[in-house]
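One structure below.
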Amino acid sequence: MVTHPSILLIEDSPGECELFRLALARTSIDVALYTEHDEDAALHFLQDRVIYHPKSSFQYSLSEAAGMGSTARVERGPSEAARSASKEATPAAPPSLILLDLKLGRRNGCDFLKRFRADARFAAIPVVVFTTSDDPTDLARCDASGANGYVVKPGTFEQLVQCVGDIGRYWIDRNLTPYPIGVRC
């Protein structure tokens, strides 16, 4: 199965999700972007990607927002009715990369990491913590919880564009995995 590479951004701030989407549009990386706003929704999304094929998708034109000629898709998992109707459906591909905000409201991203890494189906999906914290204790906790990388969010939009491009080029274009999660179409 050949799949399009994708990123799942787990971030509880809609404004930061939008900034990330706009920064991604300014890069040359052709990747679908999915967003979830909390740990439970992200785990449900990932389980849906392994078990069920989503029936709906929402496509945003990045060219309108950023003056670029690319697009990114944002998909949500299917509703309960769609799950019931598609028990025989082929699973959709899991994301090629997960970017995880460390501070998710009242919860900590390390809680997600522990739950996520406990599921062998997701073992090959890299998780990069993308956070404002440069505290060495947070870095050590994320590493111990199974993070593949830790990136401190930059302060300006131009720095964010550069950072998103660097992350995408490394994890989507350069990094090798034992089996392809997101292969170029």
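Tabulated data
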| read-out | value |
| --- | --- |
| In the stretch 95-184, trypsin sites (Lys or Arg not before Pro) in a DSSP loop with at most 14 other beta-carbon atoms within 10 Å | R106, R184 |
| Under-5 Å amide H pairs with S6, H placed in peptide plane, nonlocal only | A32, S96, L97 |
| Two-site label geometry, H4 and A118: point separation in nm, points 7 Å out along Cα→Cβ | 3.4 |
| Neighbour-count ranking [beta-carbon atoms within 10 angstrom, fewest first] of E39, E11, E18 | E18, E39, E11 |
| Potential extension, R106-L176 segment - 0.36 nm per residue separation minus Cα distance | 21.8 nm |
| For a label point 7 Å along the Cα-to-beta-carbon line of V152, residues of the stretch 91-126 with backbone N under 16 Å | 102-103 |
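Where a number appears in this text, it was derived from the coordinates with a stated rule and is not lab data. On a predicted model such as this, the values are computed, not experimentally measured, just so you know. FYI the Cβ positions are ideal-geometry reconstructions off the backbone, even for glycines, and counts take in every protein chain you see.
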